[in-house]
Amino acid sequence: MKPQPVPQHFKGRSITLTPLDVAADVAELHAISHADESTRKLWRYMPRGPFADAQDQAAFLREWQATPNVIAFTVRDTTTKNSLGSISLMSIRAEHGVAELGNIWYAPAAQRTKANTEACYLLLRHCFEDLGYRRMEWKCDARNEPSRNAALRLGFTFEGIFRQHMMIKGENRDTAWFAILDHEWPQIAASMRTWLHENDSISLSRLIAEGRSVPPRA
């Protein structure tokens, strides 16, 4: 049995993860995710949303926070403290050393920045290095190309499609599964640190691919 993750702060260079505080966070989270019709489209593949108002979103967030084996975080800019989006550790199975990164969304201003990469890095590092987890998962609607591409870019390996896996908003969802295993993490982590902190002129996916091509030392 591995340790169970607990809500805590994780501080990175560009972003900070704070445990979700619905009462304190929901007004800003709603504002940045419902600014206009284009912004509202980020909820297309999420289990709920868009929301009629902040109170409606707060009700969902409280329900989500109360879901077993879920720890939800608000992603904030480390310098300005402004909210950028949300990410969760979910489907936590401490007895197997397995958890998932999910329920991830970002305001348009935070997309194509280092926010999601650093948020994922902080949680992956915690689970693999602090808690000794064996496997971290990423799942998404099989039609969600941006999410699938993000998983591959971060070093997750595509494992297949679970057909007719669930119903979301009254529609069938085929689910794409991805995972990183503990023995894969050190090389992926090194590539992430290089891209985040040293040299982002080379794409992260290329850094990870090049790292995988280097044979292990005897």
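Just so it is clear, none of the values below were taken in a lab; they were calculated from the coordinates. What you see is a predicted model, and the numbers here were worked out from it, not measured in a lab. Neighbour counts are summed over all protein chains in view; Cβ atoms, including those assigned to glycine, are modelled from backbone coordinates with ideal geometry.
Structural remarks
- Counting beta carbons within 10 Å around each of VAL26, VAL98 and listing the fewest first gives the order VAL98, VAL26.
- The ratio of the alpha-carbon radius of gyration of the range 1-61 to the globular-protein estimate 2.2 N^0.38 Å is 1.36.
- Residue-count net charge about ARG44 - beta-carbon cut-off 13 Å; Lys, Arg +1, Asp, Glu -1: +2
- Summed residue charge, Cβ within 14 Å of GLU145's Cβ, Lys/Arg positive, Asp/Glu negative: +3
- Summed side-chain charge close to LEU124 - residues other than LEU124 whose Cβ falls under 13 Å, Lys, Arg +1, Asp, Glu -1: -3
- For the listed residue pairs LYS41/LYS169; LYS114/LYS139; LYS139/LYS169; LYS11/LYS114, the alpha carbons are over 19 angstrom apart in LYS114/LYS139.
- THR113-ALA59 pseudo-label distance in nm [points 7 Å out on the Cα-to-Cβ vector]: 3.2
- Applying both filters, DSSP loop and at most 15 other Cβ atoms within 10 Å, to the trypsin sites (Lys or Arg not before Pro) of the range 1-87 gives ARG13, ARG44, LYS81.
- Within the range 55-105, GluC sites (Glu not before Pro) in DSSP loop having at most 12 other beta-carbon neighbours inside 10 Å: GLU95
- The calculated FRET efficiency for ARG153 paired with LYS11, based on their beta-carbon distance and R0 = 25 Å, is about 0.60.
- FRET efficiency estimate (nearest 0.05) - Cβ-Cβ, THR39 to SER205, R0 25 angstrom: 0.40
- Cα centroid separation, the range 101-147 to the range 161-218 (Å): 9
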